[in-house]
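Trainee: Okay, here's the structure, questions in a sec.
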Amino acid sequence: MSTHTDYLHDREFVRTFFTTPTAVEGEDDSAKMLRGAAQLRGMEAPDVWVPDNEDATAPSMRDEGIENIIDVISEHGADYPGEIHPRMVWHRDSPATRYQGFQHIMELADPENGAIEHIDGVVIPEVGDIDDWKKADEFITIVETEHGLEEGSLAMSVIVESGEAELALGDLREEMGKPANNLERLFLLVDGEVDYTKDMRAITPTGELPPWPELRHNTSRGASAAGLIAVDGPYDDIRDVEGYHERMTDNQAKGMLGIWSLTPGQVVEANKSPLPPKTGSWLLEANGREVELNEEDGRYVYEGDRVELEETDDDQYRLHIGSNERDLDGDELSEALLDLTSYIPSLNDIVDSMEEFEAAKEAGRGAIAMERSATLVIDGIEVEISNDRMWDEATYQAAQTPITLFQDVYENRPDQHEDLEELYGEDIVERAIVVG
Amino acid sequence: MSTHTDYLHDREFVRTFFTTPTAVEGEDDSAKMLRGAAQLRGMEAPDVWVPDNEDATAPSMRDEGIENIIDVISEHGADYPGEIHPRMVWHRDSPATRYQGFQHIMELADPENGAIEHIDGVVIPEVGDIDDWKKADEFITIVETEHGLEEGSLAMSVIVESGEAELALGDLREEMGKPANNLERLFLLVDGEVDYTKDMRAITPTGELPPWPELRHNTSRGASAAGLIAVDGPYDDIRDVEGYHERMTDNQAKGMLGIWSLTPGQVVEANKSPLPPKTGSWLLEANGREVELNEEDGRYVYEGDRVELEETDDDQYRLHIGSNERDLDGDELSEALLDLTSYIPSLNDIVDSMEEFEAAKEAGRGAIAMERSATLVIDGIEVEISNDRMWDEATYQAAQTPITLFQDVYENRPDQHEDLEELYGEDIVERAIVVG
Amino acid sequence: MSTHTDYLHDREFVRTFFTTPTAVEGEDDSAKMLRGAAQLRGMEAPDVWVPDNEDATAPSMRDEGIENIIDVISEHGADYPGEIHPRMVWHRDSPATRYQGFQHIMELADPENGAIEHIDGVVIPEVGDIDDWKKADEFITIVETEHGLEEGSLAMSVIVESGEAELALGDLREEMGKPANNLERLFLLVDGEVDYTKDMRAITPTGELPPWPELRHNTSRGASAAGLIAVDGPYDDIRDVEGYHERMTDNQAKGMLGIWSLTPGQVVEANKSPLPPKTGSWLLEANGREVELNEEDGRYVYEGDRVELEETDDDQYRLHIGSNERDLDGDELSEALLDLTSYIPSLNDIVDSMEEFEAAKEAGRGAIAMERSATLVIDGIEVEISNDRMWDEATYQAAQTPITLFQDVYENRPDQHEDLEELYGEDIVERAIVVG
């Protein structure tokens, strides 16, 4: 029997949620953007593509938007490499908007229009409490029945952009089991921080969005408890690639592995972000700031001035960190630097460690020490450091998340095989898809 | 039909919650402080004034406190510019305290005492889970019926100062609809961090209060989901004006726009804090610290030494940030500084942008670029920066929160009109009250 | 009548939760570690000792582990100074694992085996939503009935290591009252961040655990609302004593006063951490970093270079903090430094303040000012600072938490009396155990 935390859809991971306006006024072809996005491939193509018939499209263009979705997806949908989940109109406080959303879904899903066979589900924005989610679910059920589709076959993803919807995240697991709904169709829980900020009436001096760490935690936890996938909202400052990466790193530490993308450029960044790096790297905590060391001929060199090192005598060193200084012999120095460093493993490193642990387990050992060593260079002085980390079943399973994601990507995105092989090399890709 | 997120009371925003002891022993007139507070006006008068018959008043003085409230409010209540919500005694674990609270409310609300017509509601401290909130609600309903007041006409605000009460914040939306209670009377959700810290058994080395970010988030979310208003607890260090402002800025980013005030001086700060500034300002992120630039003749000058700039050749610059340095031409420099700066818009700026967007919308455009440019000066070198930010309906609505607050203040606090006009100028106040 | 927030077990506080493998393969005596741990005393012995028949023990050794627990505890249990709560196997997704756990508990609890009289309860890992907690509770009830033990006499602690279990923390208070379960047996709520990280599918670049502040808050709040005790999970980096202390300080500010310990060394640190220090100390906020001042002959000396002070004229001083400088007279300087300092009170200080407040209360005063003064030395210049802090009933009660904890330790851990007297002196221990 399945438990609620099994993933019921094809994808267990979604890195990217890319929205495109469905109809733009004033163009010769109002579906031009949609047509362009439908032909993206490889790293530029998202895991989930969202023709956006809500906020990205002017209200007056939304009926035309539905026709455009049908037009473009019936032509290009069969070849699209990701999943397709158009966003409909919906609002917890407006029956008229909800009814319009229902009519749009009915139209989209008409088999005679030729698009629905390529559509995986719909995205419902502006949901309220769980009873509001059920209204959308019920409309989709009716649409499925009317058009002879299997009940529950259309996925439903929601945008969490109100306090009520955030509270509903705690009810999902219980409600999804009830016979009077088909909430098992739920797929993505997507945060929408712009409208959430408005709904919460938050103010920041510069007008930038608050970070909302609790919302993201609650979304991720709701997804985890109900076998769904958590996705963060849009990052508006498109030029700020570094900021986008920092946000994704923060999200990943919360278990939120997917993010909205507004441009193909953001899609590329977000598709790559949760994958392990090609090469490992060492970080030095230099007086309160983490600095990546430069690899030179297999040694890792610190080039800043926040940490300084001098040899004061034979096997005697003085280590300066900010205004603090310590006199150490070689072993103490090695120990001190070990405490200040950390290592970011590559895909290769992770696969190596997993294979090693699997072999040990087969040989009847439950825990093994994984050694990691390096030569650091500070102010021209070389220091060897070496660390043993115990791996047991739990470490192994926690390390597995990026590999499981990698495998999910590999299985579901053949159009990215070439990119992955180019990025990591064929050999390591081959090993990564079978380990674990 | 109203939804639960409509605001059912006169005020949609409350900036200030000011408590005053109801009876002080050893004074000629035990109501002296109450009498003084009742006569505050303008920025010194809070949005919600709370004659405090609980913690601020000695247990032995609390019956006299009720008499004092009646005495002072029947005399001064008609002219008081804010709302009046006395705090009663209550405790989730003490039936005797709850019964005393009931008796006090009954006495306060007796129309023959002449105070109730000026009292907007009561504050109930130390509530537990939702069933405890219902006990207080029921007592208030009985008081209303006994005294011929309309059912639900007395507002009820609660102090959230226990784990149980924090959990109850998630039940409000569902419970407020039930026919067996009048919880629609709920008005403010006020955090009480001193007792909450005790209830959670938290310890800090210096004894200062923990920051409790999750409690404040949950209070703000509970308020948002149920159409209520979130207010933070007291800030004990009365001398620390800067710290009080930092706390308010942090709260505002959580959607918690109100705060407790212990003195008229704190009331002034808290009444002004969520209002946009009179003049805009530029911030520079200087090696990990945000610094406000000094305006001089329309240019914005950086005067610290965390960022340094030199011209190395014609249209060639070297930008030093900490130990990092970059060689840039003029365009790259402008781009780099744009990334490091942010702008805090003034009330005037916000009204301008909203008016501009409204005009664009009327002309059929759904999104427009708002330009913001400035001349920065670093180490004597002038650099022009310019930023386009896209505004769509969602940006517009999120920007509206401080304006809606401003309008709520203007409508409900005529005694502050003069202060506002002095602060911003009559012209901008006139525009701010009609925009949106 | 008891309320749910009363503590129903002997201990109201648990500082330490120390796990030991129950059976290690390849040793002459597979129970060797268990036998060693059973003989720990004083600060090396935890408040709660957990013979760990789950993750610390290989799956193939777990039946032998049960025999070892019985063997070691029937021999040493009578003399063990802390409570004993073995960890059983359990998994929300595996009926077979749950049944194995049931059988193990049945075996452990058989009075003929001679161990159960020394066992206080069991720890159930990998719980899911509240219905899963009830399954474990029901098995324990059946075991109690079969073996003639009083219903509810065996405590049950759980490891919170899934999103579902985190959500269940919000249901405890309501579910614990229901007649169809014995959930009043619940004792500890222990976070298990390794498996939680896996369950939430979180990724960090270095593989270190995310901090999960919301999980820890929710666990602490759940404990507070249901009269239980919150305990944080294991801190893997055993060499990093400073990091372990920082984590405990962070936990304590959340009301989570206990932590897992993996070694007797960690037990010592964790047993001492929530106790007030022997001597008070002054902190100076030196340009964004808190620095502890060195006590020299009753004066507190700042020896860094982040704050500088010079006398420019008679009673005129210049204070440099980073790139900021201010000219101040003696009074202003004293005021400025007061704002930058904070004091960590010793056990003695706390007892003094409480006694003083109790005396004042007896004399009919509800609030008193507590003075704290010191001589600071910066760059050789002496500055007197003095601070009055108001104490009322709420301050008194919040200050009481570390004292109540101290008293709970003193009452339940006679084997630590000597350590406490050595640490603080007999006199202050005598006063601390009676105050409040």
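No lab work stands behind these numbers, since they all come straight from the coordinates. What you see is a predicted model, and the numbers here were worked out from it, not measured in a lab. Cβ: placed from backbone, ideal geometry, glycine included. Neighbour counts: every protein chain shown.
Trainee: When Rg is the radius of gyration of the Cα atoms in the stretch C:16-272 and Rh is its Kirkwood radius, what does Rg/Rh come to? Could you put the intermediate results ahead of the total?
Mentor: Values: Rg = 17.3 Å, Rh = 18.3 Å.
Here the Rg-to-Rh quotient is 0.94.
Trainee: Antiparallel versus total DSSP beta bridges in the stretch A:281-395: what percent is that, nearest 5?
Mentor: 90
Trainee: Report, in degrees rounded to the nearest 10, the 0 to 90 angle that the Cα long axis of helix C:330-340 makes with the longest principal axis of chain C.
Mentor: Here the helix axis deviates by roughly 10 degrees.
Trainee: Can you say what percent of the DSSP beta bridges in chain B, counting only those with both residues inside, are antiparallel? Round to 5.
Mentor: Antiparallel bridges make up about 55 percent of those DSSP assigns within chain B.
Trainee: How far, in nm to one decimal, is B:GLY330 from itself in the other copies if the label point is set 7 angstrom along Cα toward Cβ? Shortest first, please.
Mentor: 5.8, 5.8
Trainee: Out of C:PRO95, C:PRO264, C:PRO234, any idea which swings most in a Gaussian network model of chain C, alpha carbons joined below 10 Å?
Mentor: C:PRO95
Trainee: Pull out a ≥ b ≥ c, the square roots of the eigenvalues of the alpha-carbon gyration tensor of the protein assembly as shown, then state rounded if a/c is under 1.5, prolate if not and a/b is larger than b/c, and oblate in the remaining case.
Mentor: rounded
Trainee: Test of the criteria: in the stretch A:21-59, which GluC sites (Glu not before Pro) are in a DSSP loop and have at most 11 other Cβ atoms within 10 angstrom of their Cβ? Working shown, then result.
Mentor: On the way: sites: A:GLU25, A:GLU27, A:GLU44, A:GLU54; in loops: A:GLU25, A:GLU27, A:GLU54.
Passing both the DSSP loop test and the Cβ count: A:GLU27.
Trainee: Calculate how many DSSP beta bridges within the protein assembly as shown are antiparallel, expressed in % of all such bridges and rounded to the nearest 5.
Mentor: Rounded to the nearest five, the antiparallel share is 55 percent.
Trainee: Along the axis that rotates chain C into chain A, which residue of chain C has the nearest beta-carbon, and what is the gap in whole Å?
Mentor: C:GLU214, 3
Trainee: Under 5 Å between amide hydrogens, which residues at least 5 positions from A:ALA155 or on another chain qualify, with H placed 1.01 Å from N in the peptide plane?
Mentor: Amide H neighbours of A:ALA155: A:GLY121, A:VAL122.
Trainee: Please identify every one of the GluC sites (Glu not before Pro) in the stretch C:293-389 that sits in a loop by DSSP and has no more than 14 other beta carbons within 10 Å of its own beta carbon. Walk me through the numbers before you get to the answer.
Mentor: Numbers: sites: C:GLU295, C:GLU296, C:GLU303, C:GLU308, C:GLU310, C:GLU311, C:GLU325, C:GLU332, C:GLU335, C:GLU355, C:GLU356, C:GLU358, C:GLU362, C:GLU371, C:GLU382, C:GLU384; in loops: C:GLU303.
Those satisfying the criteria are C:GLU303.
Trainee: Now a separate question. What are the radius of gyration and Dmax of the stretch C:146-187, computed over its Cα atoms and given in Å?
Mentor: 12.0, 36
Trainee: Put a dot 7 Å past each Cα toward the Cβ at B:ASP79 and B:SER334; how far apart are the dots in nm?
Mentor: Placing both labels 7 Å along Cα→Cβ, they lie 6.0 nm apart.
Trainee: Right, next: Using helices alone, I'd like the mean residue ellipticity at 222 nm for chain B: each DSSP H run of four-plus residues gives -39500 (n - 2.57), total over residue count, nearest 500.
Mentor: Dividing the helical sum by the residues of chain B leaves -11500 deg cm²/dmol.
Trainee: What are the distances, in nm and sorted shortest first, from the label point of A:ASN287 to the label points of the same position in each other copy, with each label point placed 7 Å from Cα along the Cα-to-Cβ direction?
Mentor: So the distances to the same position in the other copies read 0.9, 0.9 nm.
Trainee: Quick one: 3J(HN,Hα) in Hz for the stretch B:96-110, Karplus 6.51/-1.76/1.60 with θ = phi - 60°, rounded, Gly and Pro as x.
Mentor: For the stretch B:96-110, the Karplus curve yields 5, 5, 5, 5, 4, x, 4, 4, 4, 5, 4, 5, 4, 8, 5 Hz.
Trainee: Continuing with the same structure: State which entries of A:LYS135/B:LYS178; A:LYS254/B:LYS254; A:LYS254/C:LYS135; A:LYS198/A:LYS272 exceed 23 angstrom in Cα-Cα distance in the structure shown. Can you show the working numbers first?
Mentor: Details: A:LYS135/B:LYS178 21 Å; A:LYS254/B:LYS254 19 Å; A:LYS254/C:LYS135 29 Å; A:LYS198/A:LYS272 31 Å.
The pairs that break the limit, which is 23 Å between Cα atoms, are A:LYS254/C:LYS135; A:LYS198/A:LYS272.
Trainee: How crowded by other chains is B:22-31, given as the mean number of beta carbons from other chains within 10 Å of each beta carbon?
Mentor: Rounded to a whole number, the mean comes out at 1.
Trainee: By the scheme Lys and Arg +1, Asp and Glu -1, what is the net charge of all other residues having a beta-carbon under 12 Å from that of B:GLU174? Provide the component values of the computation, followed by the final result.
Mentor: Numbers: positive: B:ARG173, B:LYS178; negative: A:ASP129, A:ASP131, A:GLU164, A:ASP171, B:ASP171, B:GLU175.
Residues near B:GLU174 contribute -4 overall.
Trainee: Relative contact order for chain C using alpha-carbon pairs under 8 Å, separation at least 6, rounded to a whole percent?
Mentor: 13
Trainee: Return the whole-Å distance between the Cα centroid of the stretch C:223-280 and the Cα centroid of the stretch B:300-373.
Mentor: 46
Trainee: Which ordering of B:THR341, A:THR249 is given by a fewest-first count of other beta-carbon atoms within 10 Å?
Mentor: With the sparsest Cβ surroundings first, the list reads A:THR249, B:THR341.
Trainee: What Rg and what Dmax come out for the stretch B:281-395 when only alpha-carbon atoms are used, in angstroms?
Mentor: Values for the stretch B:281-395 (Cα only, Rg and Dmax): 16.4, 51 Å.
Trainee: Output the relative contact order of the stretch B:281-395, whole-number percent, from Cα pairs under 8 angstrom with separation of 6+ residues.
Mentor: Computed over the stretch B:281-395, the figure is 25 percent.
Trainee: Where Lys and Arg each count +1 and Asp and Glu each count -1, what net charge lies around B:GLY322 among other residues with Cβ under 15 Å from its Cβ? Don't jump to the answer; show the numbers that get you there.
Mentor: Numbers: positive: A:ARG289, A:ARG306, B:ARG289, B:ARG306, B:ARG318, B:ARG326; negative: A:GLU290, A:GLU303, A:ASP305, B:GLU285, B:GLU290, B:ASP305, B:GLU308, B:GLU325.
Net charge around B:GLY322: -2.
Trainee: Right, next: Using the Karplus equation 6.51 cos²θ - 1.76 cosθ + 1.60 (θ = phi - 60°), what ³J(HN,Hα) coupling, rounded to whole Hz, does each residue of the stretch A:272-282 give in order, writing x for Gly and Pro?
Mentor: Result, rounded to whole Hz: 7, 4, x, 7, x, x, 5, 10, x, 8, 9.
Trainee: If you split all Cα-Cα distances of the stretch A:11-63 into 5 Å bins from zero, what percentages do you get per bin, shortest first?
Mentor: Percent of pairs per bin, in order: 4, 21, 26, 21, 14, 9, 4, 1.
Trainee: Quick one: what does P(r) look like for chain B with 10 Å bins over all Cα pairs, in whole %?
Mentor: 4, 19, 26, 23, 15, 9, 4, 1, 0
Trainee: Still on this structure, please answer the following. What list do you get for C:ILE116, B:ILE344 if you sort them by fewest beta carbons within 10 Å?
Mentor: In order of increasing Cβ crowding within 10 Å: B:ILE344, C:ILE116.
Trainee: Treating the angle as unsigned and between 0 and 90°, give the value, to the nearest 10°, between the Cα long axis of helix B:347-362 and the longest Cα principal axis of chain B.
Mentor: 80
Trainee: In what sequence do B:MET200, B:MET33, A:MET61 fall when counting other Cβ within 10 Å, fewest first?
Mentor: Listed from fewest to most nearby Cβ atoms, that is A:MET61, B:MET33, B:MET200.
Trainee: Here's another thing I want to ask about it. Nearest 10 degrees, 0 to 90: what angle lies between the long axis of helix C:241-252 and the longest principal axis of chain C (Cα atoms)?
Mentor: Computed tilt is about 90 degrees.
Trainee: Mind listing which GluC sites (Glu not before Pro) in the stretch A:56-154 are in a DSSP loop and have 10 or fewer other Cβ atoms within 10 Å?
Mentor: Answer in residue order: A:GLU150.
Trainee: What are the label-to-label distances in nm, one decimal and shortest first, from B:PRO179 to the same spot in the other copies, with labels 7 Å along Cα to Cβ?
Mentor: The projected label point of B:PRO179 is separated from its counterparts by 2.7, 2.7 nm.
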